[in-house]
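Student: One structure, as structure tokens, below. Some questions next.
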Amino acid sequence: MLDYEVIVIGGGSAGLMAAAAAGERGAKVLLLDKGDKLGRKLGISGGGRCNVTNNKEFDELIKWIPGNGRFLYSALSQFGSRDIIAFFEGLGIQLKEEDNGRMFPVSDKAKTVVDALVGRVRSLGVEVRINTPVERILYHDGQAAGVRLKDGKEISASCVIAAVGGKSVPKTGSTGDGYPWAEEAGHTITKLFPTEVPLTSGAAFIQSKELQGLSLRDIELTVWNAKGKKLVTHVGDMLFTHFGLSGPAALRCSQYVVKELDKQAGGTVRVTVDLMPDRSADDVYRETLNLTAAEPKKAIKNVLKNAVPEKLIPLLLIRAELDDMLTHDNIPKAKWTELAKLIKAFPIPVNGTLSIEDAFVTGGGVHLKEVDPSTLESKLTEGLYFCGELLDIHGYTGGYNITAAFSTGHAAGTSAAERAIALRG
Ligand SMILES: Cc1cc2nc3c(=O)[nH]c(=O)nc-3n(C[C@H](O)[C@H](O)[C@H](O)COP(=O)(O)OP(=O)(O)OC[C@H]3O[C@@H](n4cnc5c(N)ncnc54)[C@H](O)[C@@H]3O)c2cc1C
């Protein structure tokens, strides 16, 4: 006689949804988490307001999950963002849509969402144990058979769902415990890397901290490879920090920086900022020159304040080799052309990122070729399921990772329960 039918390890976004789905199917479910609270990472997502999902059709949504988003077609078609919205609204949580499809609770409090999800899990009769770290998954005859806890106790079940997350922000409980478990079952773990993470730079103007705190709105950030080919461009806000670049545009570019640095085996990656993305270099040249013509007696360093952030002006002028005290009549046109080019593509050499622990999301994980995309069951070990950030899937922040976690969690919970019930005989 088995202790449970389905054991879910990890009570984050994926595990909670898996437990709810398995409970809804009528399976006898145990949810284990090593922390003293469930849904800790979900609770700090979206700036503590919980970015529940993103209200896009799933074809569109997948484009925002550059790390293997296509694997999600099947899971999203079973339980996509519209189902997630209906699920939470069904629990009495009112949601609102913000920019770019991001969905938040009307309360603006992540706790509302976490409490509703945990409440749903409990109401379905799922047994929940917190402060219960799992040491390993047990196998018998090539099938999942249960778990062994850190305290040595063993609990049996016909299906085990690993939903222990990645390695980012370990204080939320995600400390990479699932990777060795998956390897023990014969799975490949693709290279882990930080993504949605701030960028670091050794440039003198970063190290001097002269730009620290400067926030740029709606700029375009581009990452270039060693051959000068554009790898990616992201539009958004960006922030200069004491170590480099942060803010949405920098976070979105980070995975491309990581991969390019890997390819080059170190060194620096060229990143450029377009301060006026809606203007051509010719427009920038003409419009900024017109500004100086309108105030012909004023030094260019003062006139330029009307066009670009003041903190950047000394750097731009030094790089364009323009004397900051020049006035309109003395401007060398070739150097002004150079200035316009710098405004369109201000170069920043980037030499790395913060660590995987400091990243919002872990890239890499359980190899997707070894996992069934519609059931999330291991193709190598029957009764073993993976979901959430533990898988080799990563999206941009904006509700995409949470959607991937809810969607894969739901598919894993549903199929594990169906398998367990079929085994009742
Ligand atoms: C600050 C921050 C903001 C974010 N904002 C967004 C956002 O706006 N949009 C977005 O899409 N994504 C965002 N993310 C990412 C998103 O929150 C995660 O991708 C998602 O929540 C991962 O869910 P998960 O269930 O796979 O893992 P987790 O939420 O990490 O859950 C894993 C759970 O497993 C438990 N566990 C681990 N090991 C064991 C063990 N041995 N035994 C028992 N339990 C164990 C942990 O305690 C934890 O509760 C953000 C992440 C961070 C850190």
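Student: Taking only pairs that are 8 or more places apart or on different chains, how many Lys pairs in segment 9-160 have Cα atoms under 24 angstrom apart?
Tutor: So the count of such lysine pairs works out to 23.
Student: Could you give the accessible area per residue of the chain, probe 1.4 Å, as a whole number in Å²?
Tutor: On the way: 17750 Å² over 425 residues.
Accessible surface, normalised per residue, equals 42 Å².
Student: Within segment 350-365, which residues have the backbone N less than 20 Å from the label spot 7 Å out from Leu380 along Cα→beta-carbon, could you tell me?
Tutor: Within reach of a label on Leu380: 363-365.
Student: Ok, one more. Looking at the chain, send over the antiparallel percent of its DSSP beta bridges, to the nearest 5.
Tutor: 70
Student: When the Karplus curve 6.51 cos²θ - 1.76 cosθ + 1.60 is applied with θ = phi - 60°, which whole-Hz ³J(HN,Hα) does each residue of segment 140-148 get, with x for Gly and Pro?
Tutor: 9, 6, x, 10, 5, 10, x, 9, 10
Student: Suppose accessible area is computed on protein heavy atoms with a 1.4 Å probe; arrange Glu5, Glu24, Glu184 from highest to lowest.
Tutor: Details: Glu5 25, Glu24 70, Glu184 95 Å².
Largest accessible area first, the list is Glu184, Glu24, Glu5.
Student: Mind jotting down a quarter of the surface of the convex hull over the alpha carbons of segment 1-75, in square nanometres, one decimal? Walk me through the numbers before you get to the answer.
Tutor: Details: hull surface 27.9 nm².
Hull-based average projected area comes out at 7.0 nm².
Student: When all protein chains stay in place, what accessible area (Å², nearest 10, 1.4 Å probe) is found for Glu338?
Tutor: The value for Glu338 is about 70 Å².
Student: Still on this model: Which percent of Cα pairs goes in each bin when the distances of the chain are cut into 20 angstrom slices starting at zero?
Tutor: Once binned at 20 Å, the Cα pair distances of the chain give 26, 46, 21, 7, 0.
Student: How high is the relative contact order of the chain, in percent, with contacts defined as C-alpha pairs under 8 Å that are six or more residues apart? Intermediate results must be reported in sequence, preceding the final value.
Tutor: Working: 995 pairs, mean separation 109.3, N = 425.
Contact order relative to length: 26 percent.
Student: What are the ³J(HN,Hα) couplings of segment 205-221, residue after residue, when phi is run through the Karplus curve with 6.51, -1.76, 1.60 and θ = phi - 60°? Round to Hz, x for glycine and proline.
Tutor: Rounded to whole hertz, the list is 6, 8, 4, 6, 6, 5, 9, 3, x, 6, 10, 10, 9, 6, 8, 10, 10.
Student: In percent, what relative contact order does segment 107-254 have, based on Cα pairs under 8 Å that are 6 or more apart in sequence?
Tutor: Values: 203 pairs, mean separation 21.2, N = 148.
Relative CO of segment 107-254 lands at 14 percent.
Student: Using a 1.4 Å probe over the heavy atoms of the protein chains, calculate the carbon and sulfur portion of the accessible area of the chain as a whole percent. Don't jump to the answer; show the numbers that get you there.
Tutor: Values: 9000 of 17750 Å².
Of all accessible area on the chain, carbon and sulfur atoms account for 51 percent.
Student: By how many nm would the segment from Thr188 to His367 grow when fully extended, if each residue of separation counts as 0.36 nm and the alpha-carbon distance is taken off? Spell out each step's value before the answer.
Tutor: Working: separation 179, 0.36 × 179 = 64.44 nm, distance 0.55 nm.
Gain on stretching Thr188 to His367: 63.9 nm.
Student: Here is a further query. Under 19 Å between alpha carbons, and skipping anything fewer than 8 positions from Lys341 in its own chain: which lysines qualify?
Tutor: Partners within reach: Lys229, Lys230, Lys301, Lys305, Lys311, Lys333.
Student: Using 0.36 nm per residue, how much length does the chain from Arg286 to Ser123 gain when fully extended, once their Cα-Cα distance is taken away?
Tutor: Numbers: separation 163, 0.36 × 163 = 58.68 nm, distance 6.59 nm.
Between Arg286 and Ser123, full extension yields 52.1 nm more.
Student: Also, quick follow-up: Which whole-number value in Å³ per residue fits the convex hull of the alpha carbons of segment 1-152?
Tutor: Details: hull volume 20.4 nm³, N = 152.
Dividing the Cα hull volume of segment 1-152 by its residue count gives 134 Å³.
Student: Right, another one. Between beta-carbons, use under 10 Å as the cut-off and find the net charge around Gly39, counting Lys and Arg +1, Asp and Glu -1.
Tutor: Local charge sum for Gly39: +2.
Student: Order 144-155, 347-358, 253-264, 226-237 from most to least packed using the mean count of other Cβ atoms within 10 Å.
Tutor: On the way: 144-155: 15.9, 347-358: 18.0, 253-264: 19.8, 226-237: 12.8.
Highest-to-lowest ranking by the protection proxy: 253-264, 347-358, 144-155, 226-237.
Student: Please find the FRET efficiency linking Ala294 to Lys341, where r is the Cβ-Cβ separation and R0 is fixed at 22 Å, and quote it to the nearest 0.05.
Tutor: Numbers: r = 22 Å, r/R0 = 1.02.
For R0 = 22 Å, the calculated efficiency reads 0.50.
Student: If you take the alpha carbon radius of gyration of segment 320-425 and divide it by 2.2 N^0.38 Å, what ratio comes out, to two decimals?
Tutor: Numbers: Rg = 26.4 Å, N = 106, 2.2 N^0.38 = 12.9 Å.
Dividing the Cα Rg of segment 320-425 by 2.2 N^0.38 Å gives 2.04.
Student: While we're looking at this one, here's another question. What nm distance separates the two modelled labels at Glu89 and His242, each placed 7 Å from Cα along Cα→Cβ?
Tutor: Rounded to a tenth, the inter-label distance reads 4.6 nm.
Student: Also, quick follow-up: Mean separation of Cα pairs under 8 Å and 6+ residues apart, divided by the residue count of segment 1-160: what relative contact order is that in percent? Don't jump to the answer; show the numbers that get you there.
Tutor: Numbers: 280 pairs, mean separation 49.6, N = 160.
So the answer I get is 31 percent.
Student: Moving on to the next point. Convex hull over the Cα atoms of segment 198-354, averaged projected area in nm²?
Tutor: On the way: hull surface 34.8 nm².
For segment 198-354, the mean projected area of the Cα convex hull comes to 8.7 nm².
Student: At 0.36 nm per residue, and after removing the present C-alpha to C-alpha distance, how many nm does the segment from Ser77 to Leu2 gain when stretched out fully? Intermediate values should be presented prior to the final figure.
Tutor: Values: separation 75, 0.36 × 75 = 27.00 nm, distance 3.25 nm.
This chain segment gains 23.8 nm when fully extended.
The values are calculated or read from the model by the stated rules, or taken from the named source; none is laboratory data. Because the structure is a prediction, the values reported are computed rather than measured. Backbone-built Cβ (ideal geometry, glycine too); neighbour counts: all protein chains shown. The accessibility values were calculated without ligands, DNA or RNA, using every heavy atom of the protein model including side chains. Shrake-Rupley method; radii C 1.70, N 1.55, O 1.52, S 1.80 Å.
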